[in-house]
């Protein structure tokens, strides 16, 4: 790891100010991606601004079906939250399968979505739940927030502070984990909402998370795994690597979507 | 340089370290606590697991400066008054190790796992929870056995049975 300077702000305003004063600073959330990346010298920020001590970014509130999760909330906290589990168990299930227990004690939802790894789990949930992403500057719909491979609408000095969504009637997440890394080789989140069904796919797209509209239409007519019989997904635009070809991922999308619907229907 | 302080195994320590120093290197090199191992150095193997504020974390994936102000427990902090911690004793009893390199991380992970599952552990849960700890010798069987035995012992079920 190259030299860096560590900062510990206690408010969002202070964190933004520290980044502004840094030559080439980076926000550090749980650090489960950034620290390994810095160790490999693939990232070399002059300054790291630790967001773990900002109280206003922590905690989960559930008000009726309205959910707000502070960006600094760890995967373990999301996984174990009983209030959240009572309105949207799918997101708890998703969080409980990120990485491993030690990673889940550190990694945060804000860090995950700000990084927008093409194989991360949370982006699929945010997109399918039609979540709002709250930042230090504004609030954005998930549809506008995720802009491509590791790409988001965030400015350099903008911090994700929270996410919010209305819990859908039913939701489910199924992933085929990479056997080594546990990242999604393909993961599908489905949410059945009064406005219609949303289906988001992670781990498969060359440009990161995306919505599968053909499956959304089919599931809006009938929210049952059988509604997806006969649907095929084109391999165009899907990732191909040593773990799986684009064609294999195309097939996995349908299989995982069926399992997600099955999980949602309990 | 960062001036840091933390409580390690109940002892308050202070240090001035490079901001980039990892917690595992602070423990091993500055504090001489070499029971915490660096296995893969890529956040995968879990040999470096310690407890920070009561939670298991990978100390190779946290800066020492991030842990400043925290309470840290390493493998050296488990035994009390010359008595092995029940999880350490169970690993010994059930031969839950061969070369021993992964063992400190396995034991620290097991203590954390048992804390999070006070109602007890089944084999499937133990195996799933060990996802972040890699052992290349044992094939995991005796590690799983040891953790289940320790879980029973610590919940008092072993005595009742």
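The values are calculated or read from the model by the stated rules, or taken from the named source; none is laboratory data. Everything numeric here is computed off the predicted structure, so don't read it as measured data. Here Cβ is always computed from backbone atoms with ideal geometry, including for glycine, and neighbour counts include all displayed protein chains.
What to note about this one:
- In summary, residue A:187 fulfils each of the numbered conditions (1) in contact (Cβ under 8 Å) with a residue 40 or more places away in the chain; (2) part of a strand (DSSP E or B); (3) over 27 Å from residue B:43 (Cα atoms) with the single exception of condition (3).
- Candidate set: the range A:1-20, residues that are touching a strand residue (DSSP E or B) at 6+ places or on another chain (Cβ under 8 Å) and not in a loop (DSSP other than H, G, I, E, B); chosen: the one farthest from residue B:19 (Cα to Cα): A:12
- The range B:63-79, residues that are within 10 Å of chain A (Cβ to nearest Cβ) and surrounded by fewer than 24 Cβ atoms within 10 Å (Cβ to Cβ): B:68, B:69
- The set of residues in the range B:34-53 being within 13 Å of the chain's Cα centre (by Cα), part of a loop (DSSP other than H, G, I, E, B) and surrounded by 20 or more Cβ atoms within 10 Å (Cβ to Cβ) consists of B:36, B:37, B:45, B:46, B:47, B:48.
- Unique residue being in a loop (DSSP other than H, G, I, E, B), more than 14 Å from the chain's Cα centre (by Cα) and touching a residue at least 60 places away in the same chain (Cβ under 8 Å) when the list is A:207, A:155: A:207
- Taken across the range A:114-130, residues that are touching a helix residue (DSSP H, G or I) at 6+ places or on another chain (Cβ under 9 Å), within 25 Å of residue A:182 (Cα to Cα), crowded, with 24+ Cβ neighbours inside 10 Å and within 14 Å of chain B (Cβ to nearest Cβ) do not occur at all.
- Restricting the first member to the range A:55-79 and to residues that are on the phi > 0 side of the Ramachandran plot and away from chain B (no Cβ under 14 Å), and the second to residues that are in a strand (DSSP E or B) and surrounded by fewer than 24 Cβ atoms within 10 Å (Cβ to Cβ), the beta-carbon pairs closer than 8 Å and six or more apart or on different chains are A:59/A:70.
- Close pairs (6 angstrom Cβ cut-off, 6 or more residues apart or separate chains): exposed (fewer than 15 other Cβ atoms within 10 Å of the Cβ) in the range A:242-254, at pLDDT 95 or above and not in a helix (DSSP H, G or I) anywhere: A:247/A:235
- Failed item in (1) under 24 Å from residue A:4 (Cα atoms); (2) more than 9 Å from every other protein chain (Cβ to nearest Cβ); (3) surrounded by fewer than 16 Cβ atoms within 10 Å (Cβ to Cβ); (4) out of contact with any strand residue (DSSP E or B) (no Cβ under 9 Å at 6 or more places or on another chain), with residue B:5 passing the rest: (4)
- Selection count where residues are surrounded by fewer than 15 Cβ atoms within 10 Å (Cβ to Cβ) and in contact with a strand residue (DSSP E or B) (Cβ under 6 Å, 6 or more places away or on another chain), scope the range A:67-86: 1
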